[in-house]
Amino acid sequence: MSARILATDLDRTLLPNGTVAPEPGALNRFREWATGRGRSQLVYVTGRHRSLGRDAVDEYELPEPDWWICNVGTEIYSRGSTDPFPPWVDALSGGFQPDRIRAWAQAYLDGAKLQEREKQSSLKVSFYVDPSWATPEAEGRLQKALADEGLEARVIASQDETEGVGLVDFLAPGAGKARALAFLREHGQIPPERTVFAGDSGNDADALLSGVCGILVGNATWEVREGLRRALADHPEAHIYFASRPYTAGILEGLAHYGWLDADR
Ligand SMILES: [Mg+2]
């Protein structure tokens, strides 16, 4: 049997840490599947930094993955390694000039403050900003101003509502969950039809629509579900299974739909 990939988002997809009640026993069934997964590779795809991802593995006693995709697809780690996977670093670093972006953004973004050192990398420059900068409109303006300056990056603006502060990330232009997953597939020569990706939110949309076997878990909001149903019309190559069960139980429901729960692996 040839190799395949099960990639999953962590928060509110594999981890039952949303507002919907989880199904008892589902994580245990997933652990059993992972223990006997044979040549299937397990990939955790998360917006978290690697150390926060590791905290989740410890807290929920998750199986060790074969690969991590962290920090919004800017970093890939192989099992047991604490250094980012060099081929992905090489693939992303072309055209990205973190020093110039840092200097430009500090002058352009009034009152911007660099985030802590552990939130920066050679592929990501991150600031705390006034919340007025963290809107979709401001994000668009920032992206344009950056391009006018001849600098390449993907701008992602968001709010940290608990701290009342805006966050602006400048990512290497080729970064993202879907692209990092495609990179791992190509690395392992695994076709999209032998790759499953499970997610729950708008951040997962690009990977769910990328042509792999997608699973949207049942705790996804109505807005996310309807947004994906509409987006499917423009992505004829995409497959998404809309699970009715939440979190891990939804992943297992999707795996059964794609025929992955047989003895055959
Ligand atoms: Mg999530």
May I ask you to derive the relative contact order of the chain, considering only C-alpha pairs under 8 Å and at least 6 residues apart, and to give it as an integer percent? 21
Residue exposure sequence - ILE69, ILE240 - by fewest surrounding Cβ within 10 Å: ILE240, ILE69
Please give me the summed charge of the neighbours of ALA56: other residues whose Cβ is under 9 Å from its Cβ, Lys and Arg +1, Asp and Glu -1. -2
Approximate spin-label separation GLU193-ARG39, in nm, with each point projected 7 Å along Cα-to-Cβ: 1.7
Fewest-first ordering of TRP222, TRP260, TRP133 by Cβ atoms within 10 Å yields TRP222, TRP260, TRP133
Among ASP66, ASP55, ASP90, ASP169, what is the fewest-to-most ranking by other Cβ atoms within 10 Å? ASP90, ASP55, ASP66, ASP169
Spacing of the two label points (7 Å from each Cα toward its C-beta) at ALA231 and ARG117, in nm: 3.7
Show me 114-125, 10-21, 172-183, 196-207 ranked by packing, highest mean number of other Cβ atoms within 10 Å first. 196-207, 172-183, 10-21, 114-125
Each label sits 7 Å from Cα toward the beta-carbon; between VAL165 and ARG54 the label points are separated, in nm, by 2.4
So, counting K/R as plus one and D/E as minus one, what does the shell of residues with Cβ under 13 Å around GLU186 add up to? +3
Any residue on another chain or 5+ positions along whose placed amide H is under 5 Å from the amide H of ILE215 is listed here as PHE197, ALA198, GLY199, TYR241
When the convex hull of its Cα atoms is projected in every direction, mean area for the chain (nm²): 14.3
State the extension gain, in nm to one decimal, for the chain segment bounded by SER244 and GLN106, taking 0.36 nm per residue of separation less the distance between their alpha-carbons. 45.1 nm
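Any read-out appearing in this document is the output of simple, stated calculations on the displayed coordinates, not a laboratory observation. Predicted model, so just to flag it, every value in this text is computed and none were measured. Virtual Cβ from ideal backbone geometry, glycine too; neighbours counted across all protein chains shown.
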